[in-house]
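Take a look at the structure set out below.
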Amino acid sequence: MMAPATLLVPLDGSASATDALSVARGLANLKGATVVLIHVGHDALAPDELLGRMGLSAEDVRGLVIDQCTGSPADAIVREAAARHSAFIVMCAPAQPDDPLNAIESILGDVLLKAPCPVVLVPSMQGRQPWALRRLVLPHDGTPTSAEAIAPTADLASRANAELVVLHVATPDAERPTESGTFVAPRYLDQPQHEWPAWSREFLERVRSLCYPAKIEKIRLVLAHGEASAAILEFTRKNASDLIALAWRGSLEAERAQTMRQVIREANCPVIVFRVQS
Amino acid sequence: MRSGAPVIDRETALAPGRVTGPSARVVNLPLAPSSDPGWLLVEDGFALVREREIESVFAVANGYTGTRASLEEGSRLSQPVTFAAGIYADDPAANLGPALAVLPDWPHLEITVDGDRLSTETGQVLEHRRMLDLRQAVLWREWRQQASSGRITRVRFLRLASLADRHVLLQSVAVTAENYAGRIELVAGLTLPNGRGERGPLIVTRDLATVVGVTPETSVAMATGSVAQPKSEATKSHQVLPTDHVDERWSWEVGLGETVRLDRLVSVYTSRDIADPADSTRSHIAKIQERGVTALAGDHVNAWSRRWDAAGIKIVGDDEAQRALRFAVYHLVSAANPDDEHASIGARSLTGQDYRGHVFWDTEIYTLPFYVLTDPPAARALLMYRYHTLDGARRKAKGHGYQGALYAWESADSGDETTPREVIAPDGSVVSILTGEQEHHISADVAYAVWQYWRTTADNNFMVGAGADILIETARFWASRARMEADGFAHIRAVIGPDEYHETIDDNAYTNVMARWNLNRAADAVAILKREQPTSWKQISVRLALAEDEPVTWQRIAAALVTGFHADTGLFEQFEGYFGLEEVDVIKHRDHATPIDVCLGREQTRQSKAIKQADVVALSALLWDEWPRAIHEANFNYYDLRTAHGSSLSPAHYALVAARLGNVALAQSYMRQAGEIDLANNMGNAAGGVHIAALGGLWQAAVFGVTGLRLREDGIALDPHLLPGWTEMRCSVQWRGCVLRVTLATDPPRIEIEVDGSGELTITIVDGPACLVRSGRRYAVARNGSAWGAWRETVE
């Protein structure tokens, strides 16, 4: 398999779009990749004009590749990511308070649906602050499908020597998953003094086994209660988190991906979305 | 395995003739799988995350040792564990008490093909199938693996823990070079799994025997023997570091399509059996090698055949129930050893590390009836464990300021309490654990089991030698535990009943009724023994320093104990104040992913009427004849709506009582729920071992619920309620030397009974005719409309 050579940062010409840059640099360092800034617009701009419009100095872009392309933004981003074997597409999460996927449906939604690689969404509050991966939060509902996000998440955590927090949210009204091999909070708690330690151990061992080939030094399980997105957001706010890794089953139809929508909208740290096969 | 009855193609399942090489030379394993797919649990493919569930569900055990069904070569998630019953190790790092010791991973076997080690995690798995053969108690595995070199190797395994000689473990493997000629090497060794040697027990290997020093006083010895076909180049190498062990290697140069086979025998003895277990394994391995693998495997299959004859349940018309009940009986038989009265059955039997092998009330209330009615010597051995740990129970009672015997809520080898005081939940909260302090009904549960065993078997030797001590000492405990109060009644305050959502409660109905029962039966036992065993009785009364008036005191306290019964409604109030608690919609929560107490939180649950498991309904299951049917019905209907079934013990008791009440659809639903606890594919609960008490409860739901069987002083009573779709049910039970083979059928509605063994007894149909039956004869009775006709003797 060809090693990912690039991280793609699409820019629309607005200064706020460059807020993803520090996160992209941090992730590129971890993956040994080159950051490619790609400006997608109707017209090709001269280099100085391009940097000026993006509010970037020559120092800001030292070591980066800057390119331009035209056409439908989402299609162009996806096409460039595929052509450049991008490890990730790193872009700003929309600042609008509305549903982010509706607000920029023609871009972010399309990119998520068509991207050949995971997509990292950086909240606008990130600004140009330096970013480093020290704590990575992986919400995991216990299904084998969502477990597909474990290995690539573990890879990141391992490269950064970051703490991997596996967050399992027990949601009161949620139906019990029927997928074979699912492991959720125990239905039967015969004796909590035995069930909880055993369940925690088993949950974590399953996750650990799926981290392969990455070896994770710092990993812990947290059980939270309540609605999934609220619990994820609360945990990451209270526990200085640098990245949230979400497994997404690839549907943006109404009533689907509610957790992802909410987390992208309100997270105070970047969110990486791994598309998994449901 | 999980979705419906498995379909086995005998032509492909471990059949020897399927080798694809052009000049296959076939070598068979010493047994073949059962031909009826209804006896096979099948797991096709390989899903890493489910490994531990499969390891538990497919475990092989014989009550002396138990071995999880881990892949021989291991995987990232394998938890290869072998236990010996009653062998516990202390773990100072844990606060959960001693745990069953992990013994060397005897089935571990590495297969190397021209230098490449076979693994499901490298190369390509072409086929992978595991089968638990319930009838023969054999774990089968078939695996076709293509290495990155393109070499295709076919491997067939069998594994068993002999029921004929519990010290024997057997593994057989056949390896076929399907599309190559080359070198096949097998490597085995008795090492502790997953590097446990670094912090685990000391292992010493000398003169064929590997000895594991579990504690300074306890050791387990294993010795191995092997037979290779064709004869191989075999070497042994003794390694000292990192752990002391012997590696054995067998290697062959094989031709295209050629198969080689290795049979490995392992002998196990522990210092609980014999002073020098190493010496015993050495002599034993020589003896069993002489007998030969095929004969040993045959002995094992024959022993299981006898157990199935005595304990099997046949269901016609419901394959799912049939599979669940066979699975239950398989693990129940695997869990007990009639020859060992110093070990009992832990919550996960010998199939997993969860619960550390600790013994709870589960054993006496949920599993023991199976043994009482199908294998009385095993039941006796389990009760003797309680006798041998009686001093621990006395110490606990004394420590709490009571008299007599208060059994440990969690018991290991000594009988002393091993329940921890707190646990840290995964959300970081510290959960205080009060069961060890407050869940006292276990003493009455043990007494209940003693009485049931005694009255069903008439084993007076047990009673005068041990059972009376348990009954009397537990009665003494209750006599000191209950307090006469100003209202003129006796109360038992600050306890936990089976419903552990509500702690530190007063006058739990289950506890008080069972205590009353314990006190009365102890007084009855004294009267019976005085009358029928006067000589022995004198020895017992001296041994226990029993005052003449003690039984009268027990009866007086029993009569004064409040039970929470409300005559106006026919309901038992589960504990004082329960009826005033808040109603919550328990039904809504039942299918949710999160248990209700986790959703609501501990305090809100405590303030609600939501209950964890059968509590008052458990009384109906245990003491049916104490109250009329209407009382059972009223309480069942009331508590069914409020039971969250947050314990795996609960659904089976509800199934039992629903069946007795004739609510067969609900009974079937609860039986399915009980059967899915280990067999469903989305639970994960089984990863730490099977829920042996739930399996015992499932058997009871069928035998006590569907047949309506009740034990009487003159025999048994039946009140059949076949479940929807069941056209026939057959089961066997034993009563005082008589073996009864009972058939219930719907077309036409009838009961047939074949009596074997020795003696006679009365069989009564509830609200119907009775019949005195004798061994060696058959009887039948038919129902016309709603009325049963007369019993008649039949000829085969």
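The values are calculated or read from the model by the stated rules, or taken from the named source; none is laboratory data. Source: prediction; values computed, not measured. Ideal geometry is used to build each Cβ from the backbone, glycine not excepted, and the neighbour counts take in all protein chains shown.
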**Complete:** Restricted to the stretch B:403-435 and to residues being farther than 23 Å from B:Asp499 by Cβ and crowded, with 18+ Cβ neighbours inside 10 Å, the residue nearest to the other protein chains (Cβ to nearest Cβ) is B:Pro426
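Is it fair to say B:Thr605 is touching a helix residue (DSSP H, G or I) at 6+ places or on another chain (Cβ under 7 Å), among the hydroxyl-bearing types (Ser, Thr, Tyr), without any contact (Cβ under 8 Å) to a residue 60 or more places away in the chain and within 14 Å of chain A (Cβ to nearest Cβ)?
Numbers: touching a helix residue (DSSP H, G or I) at 6+ places or on another chain (Cβ under 7 Å): yes; among the hydroxyl-bearing types (Ser, Thr, Tyr): yes; without any contact (Cβ under 8 Å) to a residue 60 or more places away in the chain: no; within 14 Å of chain A (Cβ to nearest Cβ): yes.
Here the answer is no, as B:Thr605 does not meet what is asked.
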**Prompt:** Which of the residues that make up the stretch A:77-93 are without any contact (Cβ under 8 Å) to a residue 40 or more places away in the chain and under 21 Å from A:Leu121 (Cβ atoms)?
**Reply:** A:Val78, A:Arg79, A:Ala82
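Criterion first (buried (at least 23 other Cβ atoms within 10 Å of the Cβ), more than 30 Å from B:Ala336 (Cα to Cα) and of a type in the set (A, V, I, L, M, F, W, C)) does B:Ala644 satisfy it?
Values: buried (at least 23 other Cβ atoms within 10 Å of the Cβ): yes; more than 30 Å from B:Ala336 (Cα to Cα): yes; of a type in the set (A, V, I, L, M, F, W, C): yes.
Taking the combined requirement at face value, the residue satisfies it.
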**Message:** Tell me which helices (runs of 4 or more DSSP H) are completely within the stretch B:354-422 and hold 2 or more residues being within 28 Å of B:Val81 (Cα to Cα), or say none if there are none.
**Reply:** B:368-374, B:376-388
**Request:** Among what's in the stretch B:153-170 and is in contact with a helix residue (DSSP H, G or I) (Cβ under 7 Å, 6 or more places away or on another chain) and part of a strand (DSSP E or B), pick the residue that is farthest from B:Ser283 (Cα to Cα).
**Result:** B:Leu160
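So in the stretch A:28-74, with the set limited to residues that are acidic (Asp, Glu) and either outside any loop (DSSP other than H, G, I, E, B) or touching a Lys or Arg at 6+ places or on another chain (Cβ under 6 Å) (or both), which one is nearest to A:Ala5 (Cα to Cα)?
Here is the first cut: in the stretch A:28-74, the residues acidic (Asp, Glu) are A:43, A:48-49, A:59-60, A:67.
With either outside any loop (DSSP other than H, G, I, E, B) or touching a Lys or Arg at 6+ places or on another chain (Cβ under 6 Å) (or both) added as a condition, the list becomes A:48-49, A:67.
Details: A:Asp48: 26, A:Glu49: 27, A:Asp67: 15 Å.
Checking each candidate, the answer is A:Asp67.
Look at the stretch A:186-200 and say how many of its residues are in contact with a strand residue (DSSP E or B) (Cβ under 7 Å, 6 or more places away or on another chain) and either under 17 Å from A:Ile150 (Cα atoms) or more than 7 Å from every other protein chain (Cβ to nearest Cβ) (or both).
Our first condition is that a residue be in contact with a strand residue (DSSP E or B) (Cβ under 7 Å, 6 or more places away or on another chain); within the stretch A:186-200, this holds for A:192-193, A:196-197, A:200.
Still in the list and also either under 17 Å from A:Ile150 (Cα atoms) or more than 7 Å from every other protein chain (Cβ to nearest Cβ) (or both): A:200.
Looking only at that region, the number is 1.
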**Message:** modelled with pLDDT of 85 or more and facing chain B (nearest Cβ under 7 Å): which single residue out of A:Phe203, A:Phe183 fits that description?
**Reply:** A:Phe183
**Item:** Conditions (1) out of contact with any helix residue (DSSP H, G or I) (no Cβ under 9 Å at 6 or more places or on another chain); (2) assigned to a loop (DSSP other than H, G, I, E, B); (3) over 24 Å from B:Tyr180 (Cβ atoms); number of the one not met by B:Glu73
**Value:** (3)
**Asked** Among (1) of a type in the set (A, V, I, L, M); (2) closer than 29 Å to B:Asp90 by Cα; (3) crowded, with 17+ Cβ neighbours inside 10 Å; (4) modelled with pLDDT under 95, where does B:Val266 come up short?
**Response** (4)
**Asked** Among the residues of the stretch A:168-180, which ones are surrounded by fewer than 23 Cβ atoms within 10 Å (Cβ to Cβ) and either more than 7 Å from every other protein chain (Cβ to nearest Cβ) or more than 20 Å from B:Val586 (Cα to Cα) (or both)?
**Response** A:Thr178, A:Glu179, A:Ser180
**Asked** Among the residues of the stretch B:38-70 satisfying the criterion of being assigned to a loop (DSSP other than H, G, I, E, B) and of a type in the set (A, V, I, L, M), which is surrounded by the most Cβ atoms within 10 Å (Cβ to Cβ)?
**Response** B:Ala59
**Residues of the stretch B:221-277 that turn out to be in a strand (DSSP E or B), more than 28 Å from B:Gly66 (Cα to Cα) and out of contact with any helix residue (DSSP H, G or I) (no Cβ under 9 Å at 6 or more places or on another chain), as a count** = 8
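Looking only at the stretch B:496-511, which residues are more than 22 Å from B:His645 (Cβ to Cβ), in contact with a helix residue (DSSP H, G or I) (Cβ under 9 Å, 6 or more places away or on another chain) and crowded, with 23+ Cβ neighbours inside 10 Å? Quick ask: steps written out before the conclusion?
Step one: list which residues in the stretch B:496-511 are more than 22 Å from B:His645 (Cβ to Cβ), which gives B:504, B:506-507.
Then keep just the ones that are in contact with a helix residue (DSSP H, G or I) (Cβ under 9 Å, 6 or more places away or on another chain); that gives B:504.
None; the set is empty.
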**Given (1) assigned to a helix (DSSP H, G or I); (2) small (Gly, Ala, Ser); (3) buried (at least 23 other Cβ atoms within 10 Å of the Cβ), index of the condition B:Ser349 fails** = (1)
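Let me confirm something: among B:Thr294, B:Thr281, B:Thr351, which residue is within 30 Å of B:Val227 (Cα to Cα), touching a residue at least 60 places away in the same chain (Cβ under 8 Å) and within 14 Å of another protein chain (Cβ to nearest Cβ)?
Only one candidate passes the filter, namely B:Thr351.
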**Item:** Subset of the stretch A:214-254 [assigned to a loop (DSSP other than H, G, I, E, B) and either farther than 25 Å from A:Val119 by Cβ or at the interface with chain B (Cβ under 10 Å from one of its Cβ atoms) (or both)]
**Value:** A:Lys215, A:Glu217, A:Lys218, A:Gly226
**Message:** With the structure loaded, tell me whether A:Ala44 is touching a strand residue (DSSP E or B) at 6+ places or on another chain (Cβ under 8 Å), surrounded by fewer than 22 Cβ atoms within 10 Å (Cβ to Cβ), at pLDDT below 80 and more than 21 Å from A:Val263 (Cβ to Cβ) or whether it fails that test.
**Reply:** yes
**Enumeration of residues in the stretch B:566-586 that are surrounded by fewer than 16 Cβ atoms within 10 Å (Cβ to Cβ) and modelled with pLDDT of 95 or more** = B:His566, B:Ala567, B:Asp568, B:Thr569, B:Gly577, B:Phe579, B:Gly580, B:Glu582, B:Glu583
**Message:** I need a count of the residues in the stretch B:139-159 that are at pLDDT 95 or above, out of contact with any Phe, Trp or Tyr (no Cβ under 9 Å at 6 or more places or on another chain) and not charged (D, E, K, R).
**Reply:** 2
